[in-house]
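Data block below; observations after.
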Amino acid sequence: MDVLRTGQTGVQIGDPVERTRKPLSVELGPGLLNGIYDGIQRPLEEISKVSQTIYIPRGISVPALDRKKKWEFTPTKKVGDHISGGDVWGTVFENSFISTHRILLPPRARGIITKIAPKGEYTVAENLLEVEFDGQRTDYPMMQSWPVRVPRPSTEKLAADQPFLVGQRVLDALFPSVQGGTVAIPGAFGCGKTVISQSVSKFSNSDVIVYVGCGERGNEMAEVLKDFPQLSIEVDGRKEPIMKRTTLIANTSNMPVAAREASIYTGITVAEYFRDQGLDVAMMADSSSRWAEALRELSGRLGEMPADQGFPAYLSSKLASFYERAGRVQALGSPERKGSVSIVGAVSPPGGDFSDPVTTSTLGIVQVFWGLDKKLAQRKHFPSINTSVSYSKYTGVLDKFYEKDYPEFPRLRDRIKQLISDSEELDQVVQLVGKSALSDPDKITLDLAALIKEDFLQQNGYSDYDQFCPIWKTEWMMKLMVGFHDEAQKAIAQGQSWAKVREATSDLQAKLRQLKFELPDDGQDKVSKKPRVMSEDLVDEIEAVNSIYGPGSLEPADRDDGSYILRLPGDASSLRLQFPGAYPASPPAVLGTHRSSGGVRGAGARDLRLFEEALGRVFRAGQVWENIAKQSR
């Protein structure tokens, strides 16, 4: 009997037990991609064909890798070559997405090649390589077996310095991870953990995706199976289905608890195998809380002493042993290969309580924390990332990457974070005394932060324009929003009011809100033209505001007629005024309007009241004549 497959409820005294003489292991080789397995690597699609039922019959056993399918094998070694663990001795064409599947010698093997198959088509179980060591000869097929609880060895761990991009602005910009990093996504029911995990699977910049549905609802895995075959990404100018780079491991809530506990290890072992190929792998575990609950149930059945909330005392060490298998490494063997495994673990604390033992243990291990907020989710703010509690310890590591192509990215990221943080403090002040009590600079910060939250942090995962946001689009969105904030603050510093600046730049603000609607599929060159034009318009419009709403200065003209010059800042214009008598009985006359580029225009004595509308833009409403009268005395 296999307890993992059927659970312990059907085992009784007197039942025959057969020893396998090895720990729970998985098969690794060509054919893993584009497949769906259960927690102990049984191929569910093949089981469905064999059993003619939608349920898994008790005791059924089907090999994980297809023993009948033939693969085009090309040897890369020859007879007489020395070979050791991890060496590549052949290649196979996997699919049009992952074109080269490297055939590796198992890590613990070594010797001299005495026989190797020529180029041709073979199954994964056929012996193609014979190696002699200490007088003993061993045959090796294309596939290999590896125990799931033993990490696959590597030559050395490397520093992770390449970004792990997921296409979500709030994550890529504010809380980025790296290839080979560890991420936790805790959140209550309905906060969007699964949507983020699926978005990572669909759009991340990894080469291979391993998606483990551990103890979650079956309809979520059904949604993955339905959506993924319809999705495609562009590779070398052609569209490829993302299922060609994906392995699904489904162990839903109605499957045996013991197999649920094993499914996480199955997923990470498959991920490590592709890492050893020299690929960047992303593994999604949805959710590690269900895995911990399975651990708790097994611990209870074994009669172990329970700790907090019934979880075993070794929960933290089990989580750590799982997450520490992430990282960027130099793979074992030759030729030299570098690969990574990034782990994104969803955590489902009951009621969104982050003091849950699984959540607290996970936070002590991972380097990136994407905290989901139930209140944001209730307001339909997705992704519902709480920027106050989320963090990333990789931001400093990635600055070197940004220096090359996106030199302003770190500065813009810090400014966005600061604006959001300042706005949260101002929100508390507004709740006490109202928004009208704020100064104009604070009002700008509050309004710009609202624009950032609504049109930068929010993202519609079901739209063609916003389901994925490339890093270059994220950068110029930040650049324009921060630029608008800085220019508006300059206008306020020169004496303008935020109400007038906001009114004059309403069209520009509308354009800022529409930035997210630009389609990334149109290409960076085409899409980036609009932000460049907007950046120029931004400066021009703010300068125009300074010109229109400038304070104005009245000074004596260099003439004998007692006239004055009223200068309009910003556009180098001025009015020459003359005050024939006491104001307001004798209003001043305009003797001429001047521009530095065009000399005198409209010369002639005209009543200044004709210019009241224009001057009303120079001085604040209701103060036009009073200001002029004061300056003329």
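Per-residue answers, yes or no, for (1) outside the structural domain of V195 (by TED's automatic domain parsing); (2) within 25 Å of V170 (Cβ to Cβ); (3) among the hydroxyl-bearing types (S, T, Y):
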{"site": "S463", "(1), (2), (3)": "yes, yes, yes"}
{"site": "M478", "(1), (2), (3)": "yes, yes, no"}
{"site": "K490", "(1), (2), (3)": "yes, no, no"}
{"site": "A493", "(1), (2), (3)": "yes, no, no"}
{"site": "Q496", "(1), (2), (3)": "yes, no, no"}
{"site": "V501", "(1), (2), (3)": "yes, no, no"}
{"site": "D507", "(1), (2), (3)": "yes, no, no"}
{"site": "F517", "(1), (2), (3)": "yes, yes, no"}
Set Q489, Q496: member being assigned to a loop (DSSP other than H, G, I, E, B) and at negative phi:
Q496
Which ones in the stretch 425-457 are touching a helix residue (DSSP H, G or I) at 6+ places or on another chain (Cβ under 8 Å), under 26 Å from C191 (Cβ atoms) and not hydrophobic (A, V, I, L, M, F, W, C)?
D427, K453, E454, D455
Working only within the stretch 76-129, note down all residues that are free of Cβ contacts under 8 Å to residues at least 60 places away in the same chain, closer than 28 Å to D280 by Cβ and of a type in the set (D, E, K, R).
K77, R108, R110
Looking only at the stretch 326-351, count every residue that is surrounded by fewer than 19 Cβ atoms within 10 Å (Cβ to Cβ) and under 23 Å from the mean Cα position of the chain (by Cα) and tell me the total.
1
Which residue pairs have Cβ atoms under 7 Å apart, sit 6 or more places apart or on different chains, and have a first residue in the stretch 271-290 that is under 13 Å from V329 (Cβ atoms) and assigned by TED's automatic domain parsing to the domain that holds S355 and a second that is among the charged types (D, E, K, R) and assigned to a strand (DSSP E or B)?
Q277/R102; G278/K338
In the stretch 70-98, what count of residues is obtained for those that are assigned to a loop (DSSP other than H, G, I, E, B) and either at positive phi or surrounded by 12 or more Cβ atoms within 10 Å (Cβ to Cβ) (or both)?
14
How do the pairs read when you match residues in the stretch 222-246 that are over 19 Å from G461 (Cβ atoms) with residues anywhere that are of a type in the set (G, A, S) and part of a helix (DSSP H, G or I), using Cβ under 6 Å and keeping only pairs 6 or more apart or on different chains?
none
Quickly run through the stretch 480-497 and pick out the residues that are crowded, with 19+ Cβ neighbours inside 10 Å and farther than 14 Å from E541 by Cα.
M481, V482
Do you know which of the residues in the stretch 406-420 that are free of Cβ contacts under 8 Å to residues at least 12 places away in the same chain and either farther than 24 Å from Q458 by Cα or of a type outside the set (D, E) (or both) is surrounded by the fewest Cβ atoms within 10 Å (Cβ to Cβ)?
P407
Scope the stretch 484-526; condition under 14 Å from L448 (Cα atoms) and under 22 Å from the mean Cα position of the chain (by Cα); matching residues:
L512, R513
Out of (1) modelled with pLDDT under 95; (2) in contact with a helix residue (DSSP H, G or I) (Cβ under 7 Å, 6 or more places away or on another chain), the one K526 does not meet is (2)
Could you identify the single residue in K374, K393 that is touching a helix residue (DSSP H, G or I) at 6+ places or on another chain (Cβ under 7 Å), of a type outside the set (S, T, Y) and surrounded by fewer than 21 Cβ atoms within 10 Å (Cβ to Cβ)?
K374
Output yes when any residue across the stretch 308-320 is outside any helix (DSSP H, G or I), in the same structural domain as K244 (by TED's automatic domain parsing) and among the hydrophobic types (A, V, I, L, M, F, W, C), and no when none is.
yes
From the list G181, G167, pick out the single residue that is buried (at least 24 other Cβ atoms within 10 Å of the Cβ), touching a residue at least 12 places away in the same chain (Cβ under 8 Å) and under 30 Å from I420 (Cβ atoms).
G181
In the stretch 431-476, which residues are β-branched (V, I, T) and surrounded by 17 or more Cβ atoms within 10 Å (Cβ to Cβ)?
I444, T445, I452, I471, T474
On the given criteria, is S197 under 22 Å from A320 (Cβ atoms), under 22 Å from the mean Cα position of the chain (by Cα) and not aliphatic (A, V, I, L, M)?
yes
Picked from the stretch 251-284 (must be of a type outside the set (S, T, Y) and in a loop (DSSP other than H, G, I, E, B)), the residue surrounded by the fewest Cβ atoms within 10 Å (Cβ to Cβ) is N254
Quick check on this structure: which one of G120, G135 is modelled with pLDDT under 95 and farther than 30 Å from G237 by Cβ?
G135
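The values are calculated or read from the model by the stated rules, or taken from the named source; none is laboratory data. Values in this document were obtained by computation on a predicted structure and should not be read as measured data. All Cβ positions, glycine included, derive from the backbone under ideal geometry; neighbour counts span all protein chains shown.
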